[in-house]
Amino acid sequence: MKQLKGIALGTFPFANVFGKIDEHTASQILRQYIEYGGEFIHVSLVYNNGAVEELLGKELKKYPRDSYKIMACCGWSMNNGVTKLSGKKEDVEACCNGALQRLGLDHLDVLMSHAPDSQTPFEETIDAMDRLKRAGKCSELCVSNVSLEMLKRYNYSGAVNYIQNRFSLLNQSLSKELIDYCTGNDIKITTYQTVERGLLSDRVIKGLDFTATDLRAKKPEFAESIQSEIGKWISKEIKPIANDEGVPVLSLVLRWTLQNQPINAILCGISKPAYFSDYLSVAKDMLSTETIARINQAYDKFSSYIEEKYQKSIRAFMGLA
């Protein structure tokens, strides 16, 4: 059995957005991830303007091609080192070809449109992606950060194989209608920021402290007042459930995510080899229906508390709505 079944490796941390990760550490993380049989490795041009793709390309030469899967992004243009969102045909093609060159590969397992470009018809973007698929440059197609209406336009010809949206226990953003459409059209769902970059972990109980260069220091959901409320909730309501299951809070949250929704894989930005211990228990045991109900009840309780105290939903309270 895959030890990291359902876990995709996010390489955004390799761009040093949360703290410095040297090449040796990145190499260790990649090696362990491949050895543990994870779902796929995700990378994008905007991760340090292609430097992370180049780093991966150097490291992946050490492994057989069938030992890993790559999801790389299109949907960007680059001029003079500056990236700009673009779903135009020529930019989709250039982005895919550039990723292949930097990664040192002849095909991608999944080509993903990183974000919708409202200035370009979605049909143009997916048609360009589909042509690359038919040319053998990728095997499957994914669109990210989509509403149901956007997805229907992208999938007008049935070309979409995956979506990737932000979702977590605190940010329950997948509507029933979106899930039903994906299920009915054989579209797999992947999620990102599912542990909210540490907010849904044991570490938030004592508070997360960041340097000025850490990306999270500028994000609204990491404000001290918001962290405090989430930390108290984790400590009082979620930590006891995790203790009963014998796992860290992060592992419990990931299990809940994989079981409570029809989600194929969760994108996790692993920044230290030591953190793998939190992920390795995810695929071992299924949560009981009673445990899932306890987690859902804990969420409902927190939702009611935030609504009553702040007159906001949890998502709005975190600055995500």
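The values are calculated or read from the model by the stated rules, or taken from the named source; none is laboratory data. Predicted, not measured: the structure shown is a model, and the values here were computed from it. We place every Cβ from the backbone using ideal geometry, glycine too, and count neighbours over all the protein chains shown. When the accessible area is computed, the model is the full protein with side chains, heavy atoms only, and any ligands, DNA or RNA have been set aside. Shrake-Rupley method; radii C 1.70, N 1.55, O 1.52, S 1.80 Å.
Taking the range 244-321 and the helices (runs of 4 or more DSSP H) fully enclosed by it, the elements with 1 or more residues that are of a type in the set (S, T, N, Q) and either over 17 Å from the mean Cα position of the chain (by Cα) or under 20 Å from Asp202 (Cα atoms) (or both) are at 249-260, 276-279, 289-310.
If Ala321 satisfies every condition in (1) within 20 Å of Tyr33 (Cβ to Cβ); (2) open to solvent by 20 Å² or more (accessible area, probe 1.4 Å) but one, which is the exception? For Ala321, the failing item is (1). Taken over the range 154-177, the criterion of being in contact with a helix residue (DSSP H, G or I) (Cβ under 7 Å, 6 or more places away or on another chain), buried (at least 20 other Cβ atoms within 10 Å of the Cβ) and farther than 23 Å from Pro220 by Cβ is satisfied by Tyr154, Val160, Ile163. Screening Glu59, Glu39 for residues that are more than 24 Å from Leu258 (Cα to Cα) and not small (Gly, Ala, Ser) leaves exactly one candidate, Glu59. For the range 258-284, filtered to residues that are free of Cβ contacts under 8 Å to residues at least 60 places away in the same chain and within 22 Å of Ile163 (Cβ to Cβ), the residue that is surrounded by the fewest Cβ atoms within 10 Å (Cβ to Cβ) is Asn260. Considering Ser157, Ser173, Ser168, the condition of being modelled with pLDDT under 95 and part of a loop (DSSP other than H, G, I, E, B) is satisfied by Ser173 alone.
Of the residues making up the range 130-153, those that are surrounded by fewer than 18 Cβ atoms within 10 Å (Cβ to Cβ), of a type outside the set (D, E, K, R) and not in a loop (DSSP other than H, G, I, E, B) are Ser139, Leu148, Met150. Can you find even one residue in the range 92-101 that is farther than 21 Å from Arg131 by Cβ and in contact with a Cys (Cβ under 9 Å, 6 or more places away or on another chain)? Checked the range 92-101: no residue is farther than 21 Å from Arg131 by Cβ and in contact with a Cys (Cβ under 9 Å, 6 or more places away or on another chain).
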